[in-house]
Amino acid sequence: MANVITNNIRKLRFEHNEMTQQKLADTVSVSRQTIVAIEKGKYSPSLEVAFKISNVFAQPINQVFFYLEEV
Amino acid sequence: MSYKESNILASLLITLAIWGNYTWGVIHLYQQQSFSTEAMYGLLFSAVMYTIFLEIVLQIILAIVKHKEANDKSDERDKLISMRANSYAYQILIFGSFCVTFYILFPVLSQFTFSMPGLAKEYEIMHLIIAFALLAEIICSLVKLISYRRGY
């Protein structure tokens, strides 16, 4: 059984005037590579960064990140 | 490939090339029976100087080629990957320190290891320490590269 955290950051970026990964990275104080890794589901960010990203898109955290339990 | 990945990969290649050359030099000296403290110091000194020089050149080249990312600070993912890599390297160094301790405590072990007759025991121990430090460095770099590629 594997637990996976997914997100819809990519979709939200495009809905926010096609925000670039670099712009989002600068806003939440991480590198662009980290945003790329988060979007691809290769890295689960800390709660602090997850909240910062949610705040950028003015969405509750559970509308940006999703916890899936794979059976 | 990002700036950090390029940096790690290039540093790993430099380490492998220079210390591989050092190992080859030590073996060559031993085979020619021309092993001396001066010759070994020469090899060791040149390996350290080449490492410093090539690392400086590498940093300059990478800073020019990937100037946009060169000034990026480490973020939480970089720190996690670094911690993970260092924990592997630490375990290898601990294992190495046990091996060296047993090698000193039980001289009989030298019959079954890389012992080079005619070479002073302290140089065998020194090379054992260098070998484990090198192995730890290589594993550290590989874990970082894999973590950046596959995700963490």
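The values are calculated or read from the model by the stated rules, or taken from the named source; none is laboratory data. Everything numeric in this text was worked out from a predicted model, so none of it was measured. Here Cβ is always computed from backbone atoms with ideal geometry, including for glycine, and neighbour counts include all displayed protein chains.
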Q: For segment A:42-71, enumerate the residues that are surrounded by 13 or more Cβ atoms within 10 Å (Cβ to Cβ) and within 14 Å of chain B (Cβ to nearest Cβ).
A: A:K42, A:Y43, A:S44, A:P45, A:S46, A:V49, A:A50, A:F51, A:K52, A:I53
Q) at pLDDT 85 or above and either surrounded by 13 or more Cβ atoms within 10 Å (Cβ to Cβ) or not in a helix (DSSP H, G or I) (or both), is that true of B:L142? A) yes
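Which ranges mark the helices (runs of 4 or more DSSP H) fully within segment B:1-83 that have 2 or more residues being within 14 Å of chain A (Cβ to nearest Cβ)?
By residue number, B:3-31, B:67-70.
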Q.
Could you tell me how many of the residues in segment A:1-22 are surrounded by 13 or more Cβ atoms within 10 Å (Cβ to Cβ), within 14 Å of chain B (Cβ to nearest Cβ) and within 24 Å of B:N71 (Cβ to Cβ)?
A. 1
Q: Please list, ordered by first then second residue, the pairs with beta carbon atoms under 7 Å, 6 or more apart or interchain, first in segment A:4-20 and touching a residue at least 60 places away in the same chain (Cβ under 8 Å), second part of a helix (DSSP H, G or I).
A: none
Q.
The conditions are (1) of a type outside the set (D, E); (2) under 18 Å from B:E5 (Cα atoms); (3) without any contact (Cβ under 8 Å) to a residue 24 or more places away in the chain, and B:A39 fails exactly one of them. Which is it?
A. (2)
**Q.** Selection count where residues are within 21 Å of the chain's Cα centre (by Cα) and not aliphatic (A, V, I, L, M), scope segment B:37-77
**A.** 9
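Quick one: in segment B:121-152, which of the residues that are within 14 Å of chain A (Cβ to nearest Cβ) and aromatic (F, W, Y) is farthest from A:R32 (Cα to Cα)?
Residues of segment B:121-152 within 14 Å of chain A (Cβ to nearest Cβ): B:144-152.
After this cut, where a residue has to be aromatic (F, W, Y) as well, the list is B:148, B:152.
Details: B:Y148: 13, B:Y152: 15 Å.
By that ranking, first place goes to B:Y152.
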